[in-house]
Each structure stands twice: as C-alpha cells, then as structure tokens.
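Here's the structure we're looking at; comments come further down.
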C-alpha cells in the first residue's frame, strides 16, 4: 500500500475512534449526574424544604460511616433528619423548585439518565463496528458537524424555554396538574 492510502486509513480510524469516544463520555456523564440527583432525592429532605424553605435547611445526603462515634453522630445529626447527614450547599434544591419539581417523585425521574447512558454505550459500540462506522466525509466535514451541534443547541434551548413557560411558571402558581397533585398530597392528613 502506498503511504497516501495508509494515511487515509489511519485518519478514518482516528475519526471513528474520536466519534465513538463522544458517546463513551456521555455514557460516563449521564450515570454520574443521575447518581447525584438520585441520592439527594433519596436521602434528602426536599419535600420538607418545599413546605418551609426559610426554616428547613436542605440535606444533601446521609453519612453512613461505621467509624463515627457518638459525639460525631450528635454533631452531624441535623434537624429533621433521622441520622447524621450533611447540608446541601450547592443550591440544587432551589434549582429543582425553580424548574417546577415540587415532589421527590419528579427528581427520581433522573433515573432516565441511566437509560440514556445505556443508549450512549450502545451507540458508541455500534459506531466502532465496520457496518456502522461513520463515513470519512461526514466526520471530516466541519460544516455538517457545526450544523448538527448548532441545531442540537437550538432545539434544546427551545425545549427548555417551552418547559419554563408551560411547566415552571404555572407550577409556581400551582395551576398545573403537578401543582394540584402537590397541593392534594400535602393537604391530605397522614395517618
């Protein structure tokens, strides 16, 4: 083979690996984000904080360390917590409240990111297979890549704006189904 053909083959393999590595990066980011959101929703006091955000301090997660002695347990047990816990300092509770998530069940929707992670892994693996590998002109064409990324940003921006207008603003006024559900959920006597 000539050196020109070898260079083209190496270039194709390089582009294919870079293209597939983007899916691998997404497959790592999605479960990491999902895990953080899930654990704060699972071990936090989000619903209590929604009821009284001025007096309830948000809990990030419980501390499960068998080496904690009794003084440490007493020092780290926060008001409203069943055991030792750590305060949430990165304002994720306020962000969830702002986007209209008023109950924990909305936050547990972050488990959908695990599904996206699996899809990303499969897509990355498929693009490494000879049958599904991206063509050289597609990967090397900067204009098509730029159009793809810009259209993705445009669509996601429009979707976020639509969510803010049609879900968040009505939820803050409790005029949506989610607002009605949260209203009924918190007003029904527990017993």
Checklist entry - Using 7 Å Cα-to-Cβ label points, what is the residue 21/residue 129 separation (nm, one decimal)? => result 2.3
Checklist entry - Assuming R0 = 41 Å, what is the FRET efficiency of residue 39 and residue 4, from their Cβ-Cβ distance, to the nearest 0.05? => result 0.15
Next on the checklist: What FRET efficiency comes out for residue 108 versus residue 154 if R0 is 30 angstrom and r is the Cβ-Cβ distance? Round to the nearest 0.05.
Outcome noted: 0.55
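FYI, it's all coordinate maths here, none of it is from the lab. All figures in this text were calculated on a predicted structure; none of them were measured in a lab. Neighbour counts are summed over all protein chains in view; Cβ atoms, including those assigned to glycine, are modelled from backbone coordinates with ideal geometry.
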